[in-house]
Amino acid sequence: MASNSAISLAFLLSVILSLLVGSDAGGIAIYWGQNGNEGTLAQTCATSKYAYVNIAFLPTFGNGQKPLINLAGHCDPSSNGCTGLSSDIKSCQAKGIKVMLSIGGGAGSYSLASTDDARQVATYLWNNFLGGQSSSRPLGNAVLDGIDFDIEGGTTQHWDELARFLSGYSKQGKKVYLTAAPQCPFPDAWMGGALKTGLFDYVWVQFYNNPPCQYTSGNINKLVGAWMQWTSIRATKIFLGLPAAPNAAGSGFIPVADLTSKVLPAIKGSEKYGGVMLWSKYYDDKTGYSSSIKSSV
C-alpha cells in the first residue's frame, strides 16, 4: 500500500491537473424546437451532451402583435398544447441544464417600436415564461432560466432596452440569464447596440452563413480574427456557433477533425471561451456531431 504522503501528493497533482484541464473546458449549447423529429426536450437533456438548451422560437411579438410561440411539430400552442413541456423543462433544470426561450429567428415577424413596446414585451416574457404570473403560460408553470435574443430582422432599435428591462427582473429573485446569437461580422447589424449594455451572460456567435468571418478548409484566419473581436465585448462567455451538419446551414460547417485539431485549439485560450453552440438538435441527431466533439470542447 502506498504511503499517506504519496497518496496526498498524487491527490494534489490530480486536483491541479483537473483545474488546468477545466480552466478552458466549455459546454455545448443546442437549439431545440424547430423539427418534430428531433425527440422531446426531456430526451434532449437526458443525453447529457448539452449544458444549455434554447427553445426555438417565439417568432412573433412586438409592435402591437400578439406574441406567438412556434415549436414546429412538437406541440400546438394555439390549443394550449405546449404546457406539457413544463415537466420536460424542470427535468432539464434538475440536471443543471439552463433552458432559455429564444425570441426572433430567421423567419419571424418581430420588431420593437418604442421604449414602451420594449417594456411591454419584457413584461410579457416575465409573466409568461419567467418568474411572473399569468393564466396563459404557453409552456406551463416551469420558470425558464432566461431569454435568448436571436434577432435577425425587424429593427435595430430598442433591443438594448428590452435587455435592460429583462435584466431588471433579476432583482425579484431568480437571475434572468440573457443570451444572444449574433452573426459573426462584427459588430452585429441587429444586436450591436444591445450587446454594448454588457448585460449578456452567454453570446453564441453564428460562425456560419457568413463567409467573411467563418472557417474555410485549411484557413482559420478569418474565424480567429472575428473571434478576437467578439471576445472583446462585455459578456461572461463567448461561444463558437456552428451548424451540426453540412446541410444545417448554407455554409460554415466544420468537419470534426478540423474543429478539434485546428479551430478549437486556436480559440480556447481566451478567458471568455464558453464552448460551442450547435444548430440544431435535429441535425445533431443525424451526425452525432456533439458526441464527436464533446471531449474537445
If one takes the longest principal axis of the Cα atoms in the chain, at what angle in degrees, from 0 to 90 and to the nearest 10, does the Cα axis of helix 115-129 lie?
-> 70
How much FRET efficiency would the formula 1/(1 + (r/R0)^6) give for residue 294 and residue 133, where r is the Cβ-Cβ distance and R0 is 41 Å, rounded to 0.05?
-> 0.60
With each run of n ≥ 4 DSSP H residues scored as -39500 (n - 2.57), what mean residue ellipticity at 222 nm is computed for the chain after dividing by its residue count and rounding to the nearest 500 deg cm²/dmol?
-> -8500 deg cm²/dmol
Pop out the carbon and sulfur fraction of the accessible area of region 26-294 as a percent, whole number, probe 1.4 Å.
-> 49
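So with the 1.4 Å probe, I'd like the accessible area per residue for the chain, rounded to whole Å².
Accessible surface, normalised per residue, equals 43 Å².
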Counting other Cβ atoms within 10 Å, which trypsin sites (Lys or Arg not before Pro) in region 41-123 have at most 13 and lie in a DSSP loop?
-> 95
Residue 175 versus residue 47: modelled label distance in nm, points set 7 Å from Cα along the beta carbon direction = 2.6
Rounded tilt (10° steps) of 159-168 against the dominant C-alpha axis of the chain = 80
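The values are calculated or read from the model by the stated rules, or taken from the named source; none is laboratory data. Quick caveat, the model's predicted, so the values are computed rather than measured. Here the Cβ is made from the backbone with ideal geometry for all residues, glycine too, and neighbour counts use every protein chain on show. Areas reflect the complete protein model, heavy atoms only, side chains present, ligands, DNA and RNA absent. Shrake-Rupley method; radii C 1.70, N 1.55, O 1.52, S 1.80 Å.
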